[in-house]
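Participant: Just passing along the structure, written as structure tokens.
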Amino acid sequence: MSPEDALLSIAEIAIGLAGFSGLVAAFGQRPGHSWKGHQKTRIVFLVILSFGMIMAAILPFALSGFTDSPAVIWGVPMVAYSGLSLTLLGYWIVLVRRHSYRLQFPLISIPIMIVASLLQVLTGLCGLGLIFPYSPALFVLGLLSVLLFSANMFLALLHITWND
């Protein structure tokens with residue numbers, strides 16, 4: 001599978017993840033039940049990460065119509081998405097600590113956050129041309145790591161919703 005095909009698959013999975021998050025939000029709302037702060041936060045994070053992932057996966061195709069430069073076609077989406085996801089991952093950690101959100105699967109969640117963060121740093125450096133310049137394969141790995149983080153967050157949201 002080429003990196004371009006992988007990007008389209010990632011975009012499709014991200015669309016599904018955003019859609020299922022919306023379904024959980026819609027069907028999880030019961031009479032007399034209000035969403036807790038951590039549930040709202042998870043849904044917002046899932047939607048932002050998903051739509052950002054969709055844009056990042058499609059952007060190389062759009063940019064290739066304007067230029068042949070790998071620095072633009074691959075570098076711009078890599079740097080933009082790694083910046084977005086690192087900001088959100090960092091903000092998630094701050095919120096978890098500040099509001100004492102309970103991680104549903106800490107033995108899995110913490111390593112996933114660490115790996116996703118490291119891959120986003122590598123992807124950002126790659127997008128800047130500092131290491132493995134403009135590598136589509138590293139971009140795909142970076143998006144997959146955030147997709148895994150998002151899937152973990154989605155499962156935690158389901159777990160919380162079903163246990164309430």
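Participant: Let me have the 222 nm mean residue ellipticity of the chain computed from DSSP H runs of 4+ only, each contributing -39500 (n - 2.57), with the sum over all residues rounded to the nearest 500.
Facilitator: Computed ellipticity for the chain at 222 nm equals -27500 deg cm²/dmol.
Participant: Also, quick follow-up: Taking neighbour counts of Cβ atoms within 10 Å as a proxy for exposure, in what order, fewest first, do Trp35, Trp74 appear?
Facilitator: Ordered by Cβ neighbours within 10 Å, fewest first: Trp35, Trp74.
Participant: Ordered by residue, what ³J(HN,Hα) values in Hz, to whole numbers, does the stretch 109-126 give under the Karplus form 6.51 cos²θ - 1.76 cosθ + 1.60, where θ = phi - 60° and Gly and Pro are x?
Facilitator: In residue order, the calculated couplings are 5, 5, x, 5, 5, 5, 4, 4, 5, 5, 5, 5, 5, 4, 5, x, 5, 5 Hz.
Participant: Among Leu17, Tyr91, Pro136, which residue has its Cα furthest toward the positive end of the charge dipole of the chain, with +1 on Lys/Arg Cβ and -1 on Asp/Glu Cβ?
Facilitator: So the residue we want is Tyr91.
Participant: Over the residues of the stretch 1-157, compute the C-alpha Rg and express it relative to 2.2 N^0.38 Å.
Facilitator: Compared with the compact-globule rule of thumb, the stretch 1-157 sits at 1.08.
Participant: If one takes the longest principal axis of the Cα atoms in the chain, at what angle in degrees, from 0 to 90 and to the nearest 10, does the Cα axis of helix 76-98 lie?
Facilitator: 20
Participant: Let me ask you something else. Can you list the HN-Hα couplings for the stretch 49-64, worked out from phi with the Karplus curve (6.51, -1.76, 1.60; θ = phi - 60°), rounded to whole Hz and with x for Gly and Pro?
Facilitator: 4, 5, 5, x, 5, 4, 4, 5, 6, 8, 3, x, 5, 5, 5, 5
Every number in this text was worked out from the coordinates using simple rules, so none of it is lab data. As the structure is a computational prediction, the values presented were derived from the model and not from experiment. Counting neighbours? That spans all protein chains shown, and the Cβs are built from the backbone with ideal geometry, glycine included.
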